[in-house]
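For reference, the structure is listed below as structure tokens.
The values are calculated or read from the model by the stated rules, or taken from the named source; none is laboratory data. This structure is a prediction, so every number in the text was calculated from the model and none was measured. Because the Cβ atoms are built from the backbone with ideal geometry, glycine has one as well, and the counts that use them run over all protein chains shown. When the accessible area is computed, the model is the full protein with side chains, heavy atoms only, and any ligands, DNA or RNA have been set aside. Shrake-Rupley method; radii C 1.70, N 1.55, O 1.52, S 1.80 Å.
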Amino acid sequence: MTDSRTIVTRRPPSALGEFWHYFAMNKGAVVGLVVFVLLVIVALFAPWIAPYSPDQQFRDSLLTPPVWEAGGKAAFLLGTDPVGRDMLSRLIHGSRYSLFIGLVVVVLSLFSGIILGALAGYFRGWVDALIMRVMDIILAFPSLLLALVLVSILGPGLFNAMLAIAVVLQPHFARLTRAAVMAEKNREYVTSAKMAGAGHIRLILVTILPNCVGPLIVQATLSFSNAILEAAALGFLGLGAQPPTPEWGTMLATAREFILRAPWVVTFPGLAILITVLAINLVGDGLRDALDPKLKRS
């Protein structure tokens, strides 16, 4: 009889599998991801999930408390605001504005920051000096103060607020991209592409930038939460989204005079901002652990 043995070879884990392995080691990041996914689902299906329209007023139910407090109504689980609008419906629709603000701000700041940082890191010289000095000037101001100044110049409104926040967050992407491009541009594969006749644009966009994605993804995640916070602050100061838009910062601004009489009108929007920002920051920490080889645990 011949002894037949089966040799089992283990395949190396895929890039996605390795990423999820290190990401899942951070339990807080997994919880944050679950919360963020739920928030996205709520935002996408807000018209079907919310019991009422965010602007629908119930004049016979002004400042109705939540259902678990005395005087609460089952029709309004989280109570109503000073003009009789359902708090739960406005919070659900407000998630759309928060995600939209974060997405637009990150796209604008990421796109412009990558372009400026790549030009500064690749060409160096006076181009680098000019771009980085402008970025340093922007970073020299407190972010909220600079956003306030820009919105005051452009005029109050959601779009102007997003544009101002994008300008404030742009230097972080520019500096990250510059450092990554400077580290990569002298490597062998870049030199080989240059000797093969690749032009400057191809070298930057095709050869160098794809190897600088990791830090930019982490920064984009953290900037997403910063954008939500900054927009809420501008909305609270009356310079962001304008009433009756159900944006969480604007909801806080319109309800602050009722903080003692009806605390739920400020508590729930504040909790929504807190939970959303915390979840996104936890996801950012997990992405950092998974994408940065120096931080990967054995």
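Aspartates and glutamates within cross-link reach of Lys27: Cα-Cα under 17 Å, excluding same-chain residues under 8 positions apart?
Glu18, Asp285, Asp289
Go through the range 101-114 residue by residue and turn each phi into a ³J(HN,Hα) via Karplus (6.51, -1.76, 1.60, θ = phi - 60°); whole Hz please, and just put x for glycine and proline.
4, x, 5, 5, 5, 5, 4, 5, 5, 5, 4, 5, x, 5
Binning at 10 angstrom from zero up to the longest distance, how are the C-alpha pair distances of the range 120-171 distributed in percent?
Over the range 120-171, the share of Cα pairs per 10 Å bin runs 26, 41, 24, 8 percent.
Using the Karplus equation 6.51 cos²θ - 1.76 cosθ + 1.60 (θ = phi - 60°), what ³J(HN,Hα) coupling, rounded to whole Hz, does each residue of the range 137-147 give in order, writing x for Gly and Pro?
Whole-Hz 3J(HN,Hα) from phi for the range 137-147: 5, 5, 5, 5, 8, x, 4, 5, 5, 5, 4.
Enumerate the amide H contacts of Gly157 below 5 Å, restricted to partners 5 or more residues apart or on another chain; note that Pro and chain-start residues carry no placed amide H.
Distant-sequence amide H within range of Gly157: Gly240.
So if each residue of separation counts as 0.36 nm, and I subtract the Cα-Cα distance between Glu69 and Ala129, what length gain in nm does that give? Don't jump to the answer; show the numbers that get you there.
Details: separation 60, 0.36 × 60 = 21.60 nm, distance 6.07 nm.
Here the segment from Glu69 to Ala129 would lengthen by 15.5 nm.
Efficiency by 1/(1 + (r/R0)^6): what FRET value for His200 and Ile137, r their Cβ-Cβ distance, R0 = 25 Å, to the nearest 0.05?
Numbers: r = 27 Å, r/R0 = 1.07.
The formula returns an efficiency of 0.40 here.
Cα extents of the range 70-210 along the three principal axes, largest first, in whole Å?
76, 30, 21
I need the phi-derived Karplus couplings for the range 276-285: 6.51 cos²θ - 1.76 cosθ + 1.60, θ = phi - 60°, integer Hz, Gly and Pro marked x.
With coefficients 6.51, -1.76 and 1.60, one gets 5, 5, 4, 4, 5, 5, 5, 4, x, 5 Hz.
Accessible area of the chain with a 1.4 Å probe: how many percent of it is carbon plus sulfur?
On the way: 10920 of 16230 Å².
Carbon and sulfur atoms account for 67 percent of the accessible area of the chain.
Counting only the heavy atoms of the protein chains, how much of Val134 is accessible to a 1.4 Å probe, in Å² to the nearest 10?
Number for this one is 70 Å².
Could you give the length gained on full extension between Val149 and Leu62, defined as 0.36 nm per residue of separation minus the Cα-Cα distance, in nm?
Working: separation 87, 0.36 × 87 = 31.32 nm, distance 3.60 nm.
That pair, Val149 and Leu62, stretches by 27.7 nm at full extension.
Helix-only mean residue ellipticity at 222 nm, the chain, DSSP H runs n ≥ 4 weighted -39,500 (n - 2.57), per residue, nearest 500. What is it? Spell out each step's value before the answer.
Numbers: 11 runs with 192 residues, N = 298.
Helix contribution divided over all residues of the chain: -21500 deg cm²/dmol.
Can you list the equivalent-ellipsoid semi-axes of the range 141-259, largest first and in whole Å, using the square root of 5 times each Cα gyration tensor eigenvalue? Could you put the intermediate results ahead of the total?
Details: eigenvalues 338, 32, 24 Å².
Square roots of five times the eigenvalues give 41, 13, 11 Å.
In terms of the Cα gyration tensor, with a ≥ b ≥ c the square roots of its eigenvalues, is the chain rounded because a/c is under 1.5, prolate because a/b exceeds b/c, or oblate? Working shown, then result.
On the way: a/c = 3.22, a/b = 1.47, b/c = 2.20.
Judged from the Cα gyration tensor, the chain comes out oblate (a/c at least 1.5, b/c at or above a/b).
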